[in-house]
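*Asks:* Here it is, the structure, as structure tokens.
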Amino acid sequence: MINGYLTKAIYGLLFCVSLSLSCPLYAQSALILLQPTYLCSNGFIAINTVGGDGTTITYSATGVTLSSPTSSTGVVDEAWRNSPGNPIIIQATQSGVTATYSLDIQAYCASNNRYHSPFLKSPIPDITLTESTTSTAINIGEYFGSNDNGYDYRALFSYEAYNLPPGLVFNSARGTPPGAPGQTAYAFINGIPNQTGVYPVAVIVTKLNAFNASYSVADTFTITIAAKPLAVDLISFTARPNAAQQIELAWRTLNEINNQGFLIERSKDLLLFERVAEIAKTELVNQTINDYYFTDTTPYTGTSYYRLTQIDSNGQRKTYPSSSVILRDSPYSVTPNPITNQGTFTIQLDEPTTAAIHIINSNGHSIPYTKTDIGPLSLLLTFAECTSTGLYIVTVKERGLTRNYRVLVK
């Protein structure tokens with residue numbers, strides 16, 4: 001039919017010229033609307049025509065947003081695409097003559113998708129990986145397929161992945177669809193995840209055919225990154241002074257796996273730590289709970305901090321929270337006692353900087369004072385005003401403990 005119209009137009013133009021008549025620039029023929037080019041994946045539409053007199057054509061189409069009245073391309077509104085039974089009525093007008101074409105996009109896509117669109121063969125399952133452990137390559141491409149059946153082996157598949165856990169990478173190559181000769185398309189997730197958490201991942205597969213029409217399908221799944229199991233479960237770690245002015249360390253472990261041993265360190269300020277000793281793993285076998293002991297014979301005086309680091313057989317380390325301990329070379333005391341009414345005395349304590357000290361008289365009133373640091377474990381206290389003779393209570397709160405002293409002022 002199209003060739004017939006074109007043939008008539010050519011013959012008409014030759015006849016006009018042969019008679020030396022005044023001929024129009026274009027041969028007269030009917031303007032015909034052909035089936036438009038429509039992409040089901042994104043709603044793009046191109047209006048196709050043939051014939052006409054060569055003058056400007058204006059277009060309109062229900063449910064379609066065109067670039068301009070004279071533009072033959074546009075996008076079908078999403079609401080219209082998702083509404084069954086709403087055909088697109090396309091009109092093309094030229095020199096007062098209008099041609100009409102009706103396109104049922106639901107039926108069109110249903111008949112064409114089996115050849116054009118990739119599809120999800122089965123949902124991608126949720127995956128659990130272990131932190132800091134090299135993951136086996138996860139083949140994402142195997143969950144997608146194509147119904148080309150030899151129809152369009154020139155088509156290319158491409159893959160995209162979004163929101164992968166840190167440390168994992170998406171390796172993909174664009175290529176011919178699954179089942180095609182010389183298939184080159186692939187998509188794998190691999191790497192070493194380095195941050196625990198739950199990550200919803202989206203994968204989009206796009207097929208671009210030989211006519212540059214693209215069709216996509218997507219799926220979502222979850223990748224959970226679990227914490228790496230510890231080589232040792234530490235149940236407890238304590239540091240206590242003994243009567244010989246030494247620090248006794250004790251710790252208990254559970255289910256040791258690939259444990260090489262432990263490093264003990266100490267510090268005065270939790271900033272700088274020095275090595276004290278290394279303790280090899282216990283040689284006991286078939287025992288899930290293990291107890292370890294070590295005595296520091298040359299400890300710091302005052303407050304110090306001990307920490308334990310577990311060492312794997314592969315050299316990896318895990319450092320546990322510190323444990324504090326106080327080693328005194330003198331007892332807790334208030335001296336002198338009794339004191340004079342000038343109210344100056346020395347108090348021995350563990351934390352001179354942070355300890356809370358209160359002085360209460362026999363009437364229950366708080367007495368103001370000043371304090372001066374005179375040593376690592378001592379403070380000099382002075383009443384801020386003259387005090388009357390009598391009994392006073394000095395309360396010291398530090399390290400979660402409370403000590404009360406009865407002080408007599410003469």
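The values are calculated or read from the model by the stated rules, or taken from the named source; none is laboratory data. Remember, it's a predicted structure, so these values are computed and weren't measured experimentally. All Cβ positions, glycine included, derive from the backbone under ideal geometry; neighbour counts span all protein chains shown.
*Asks:* Restricting the search to segment 39-54, which residues are in a loop (DSSP other than H, G, I, E, B) and within 37 Å of the chain's Cα centre (by Cα)? If you could, list the steps in order and put the result at the bottom.
*Replies:* Our first condition is that a residue be in a loop (DSSP other than H, G, I, E, B); within segment 39-54, this holds for 39-43, 47-48, 51-54.
Passing the criteria: LEU39, CYS40, SER41, ASN42, GLY43.
*Asks:* Please specify each residue of segment 385-410 satisfying the condition of being of a type in the set (A, V, I, L, M, F, W, C) and either assigned to a strand (DSSP E or B) or surrounded by 11 or more Cβ atoms within 10 Å (Cβ to Cβ) (or both).
*Replies:* Step one: list which residues in segment 385-410 are of a type in the set (A, V, I, L, M, F, W, C), which gives 386, 391, 393-394, 396, 401, 407-409.
Passing the criteria: LEU391, ILE393, VAL394, VAL396, LEU401, VAL407, LEU408, VAL409.
*Asks:* Oh, and also: Of all residues in segment 354-410, which are of a type in the set (Ser, Thr, Tyr) and touching a Leu at 6+ places or on another chain (Cβ under 6 Å)? Let's see the steps before the verdict.
*Replies:* The first filter runs over segment 354-410 and keeps only residues of a type in the set (Ser, Thr, Tyr), leaving 354, 362, 366, 369-370, 372, 378, 382, 387-389, 392, 395, 402, 405.
Scanning segment 354-410 gives SER362, TYR369, THR372.
*Asks:* If you don't mind, there's one more thing I want to ask. Give me a count of the residues in segment 254-302 that are basic (Lys, Arg), out of contact with any Asp or Glu (no Cβ under 6 Å at 6 or more places or on another chain) and farther than 21 Å from ASP350 by Cβ.
*Replies:* Number of matching residues: 1.
Residue-wise test of (1) touching a Pro at 6+ places or on another chain (Cβ under 6 Å); (2) closer than 26 Å to TYR38 by Cα; (3) in the same structural domain as ILE45 (by the TED database); (4) at pLDDT 70 or above.
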{"residue": "THR130", "(1), (2), (3), (4)": "no, no, yes, yes"}
{"residue": "ASP152", "(1), (2), (3), (4)": "no, yes, yes, no"}
{"residue": "PRO177", "(1), (2), (3), (4)": "no, yes, yes, no"}
{"residue": "THR206", "(1), (2), (3), (4)": "no, yes, yes, yes"}
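*Asks:* Of the residues that make up segment 24-31, is at least one surrounded by 14 or more Cβ atoms within 10 Å (Cβ to Cβ), modelled with pLDDT of 80 or more and within 24 Å of TYR108 (Cβ to Cβ)?
*Replies:* Yes: segment 24-31 contains one or more residues that are surrounded by 14 or more Cβ atoms within 10 Å (Cβ to Cβ), modelled with pLDDT of 80 or more and within 24 Å of TYR108 (Cβ to Cβ).
*Asks:* I need the full set of residues from segment 34-53 which are more than 16 Å from TYR215 (Cα to Cα), without any contact (Cβ under 8 Å) to a residue 40 or more places away in the chain and of a type in the set (Gly, Ala, Ser), in order please. Step through it out loud before you land on a result.
*Replies:* Restricting attention to segment 34-53, the residues satisfying the condition of being more than 16 Å from TYR215 (Cα to Cα) are 34-36, 46-53.
In the following step, the residues that additionally are without any contact (Cβ under 8 Å) to a residue 40 or more places away in the chain were identified as 46, 48.
Selection gives ALA46 alone.
*Asks:* Go through ARG399, ARG406 for me and flag whichever is within 19 Å of SER324 (Cβ to Cβ) and out of contact with any strand residue (DSSP E or B) (no Cβ under 6 Å at 6 or more places or on another chain). First the steps, then the outcome.
*Replies:* Working: ARG406 fails: within 19 Å of SER324 (Cβ to Cβ).
Of ARG399, ARG406, the one residue that is within 19 Å of SER324 (Cβ to Cβ) and out of contact with any strand residue (DSSP E or B) (no Cβ under 6 Å at 6 or more places or on another chain) is ARG399.
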